[in-house]
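Below: one structure, written as structure tokens.
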Amino acid sequence: MNKKIWAVGLLAAVMLIGAGCGQKPGAAPDDTPGQETPAPDDQTGQSNGGASNGSGGTSTGNGGNEATAPEAKTESIKAYYTDPDLMELVEGSAEISYKEDQEKYEAAYQALQKSDKADMVPLWEKIELNSLKFENGALTLDVTVPDEANLGAGGESFAVDAIKKTFFQFDEVKSLQILVDGQQTESLMGHVDLENPMTR
């Protein structure tokens, strides 16, 4: 009887040990997925890192735009007019403000259209600037010349000289082409031959 009890106890002990050993292999697969779990976290981290880099790139891009934004410049230039009797060309000065080169030339043209001195009459006051283009040293102006802008032979000659002297004071301007309503013309007002283009 004692042998039977002992045998049963031994068998039970062996079964427990066997069951315990049997659970260990099952535990290993549970651990394996646990080890793989950090992989998505790593990918997430990389993804976040990418997003962070993207944001950084955007920020850098904005900074670059701010850095390249031109600042306004003010410059004193020569501008040319005539006397009240249209007898001679008169040199004056004007303050212009601009950011881009094209704005500089537009401001210079506007200076030819107005004067705050009675003895300096603007020759281009009534001649409208339609467009302006500067490329590779060549400045092209497209203007409209209404009938009331006609100054006669003497006035037209002064007007041409005035615009040449005003724009050729800028070293980068090598040639000046004046178009009337988009077309080349032999004369601005019908009295004086016009070069196409005018050069220094």
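The values are calculated or read from the model by the stated rules, or taken from the named source; none is laboratory data. Not measured: the values here are computed from a predicted model. Every residue, glycine among them, receives a Cβ derived from its backbone with ideal geometry; neighbour counts consider all protein chains shown. The area values use the complete protein model at the heavy-atom level, side chains included, leaving out ligands, DNA and RNA. Shrake-Rupley method; radii C 1.70, N 1.55, O 1.52, S 1.80 Å.
Here are the numbers:
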{"item": "Violating pairs (Cα-Cα greater than 19 angstrom) within the set 78/104; 126/174; 117/174; 73/117; 99/165; 78/114", "result": "126/174; 117/174; 73/117; 99/165"}
{"item": "Rough spin-label spacing in nm, given labels placed 7 Å along Cα→Cβ, for residue 99 and residue 133", "result": "2.3 nm"}
{"item": "Share of carbon and sulfur in the accessible heavy-atom surface of region 109-165 [1.4 Å probe, %]", "result": "44 percent"}
{"item": "Cut-off 13 Å between beta-carbons: net charge of the residues surrounding residue 73, Lys and Arg +1, Asp and Glu -1", "result": "-4"}
{"item": "Centre separation in Å (Cα based) which lies between region 68-90 and region 127-200", "result": "15 Å"}
{"item": "For region 92-200, accessible area per residue (1.4 Å probe, heavy atoms of protein chains only), Å²", "result": "52 Å²"}
{"item": "Net charge contributed by nearby residues that have their C-beta within less than 15 Å of residue 103 (K/R +1, D/E -1)", "result": "-3"}
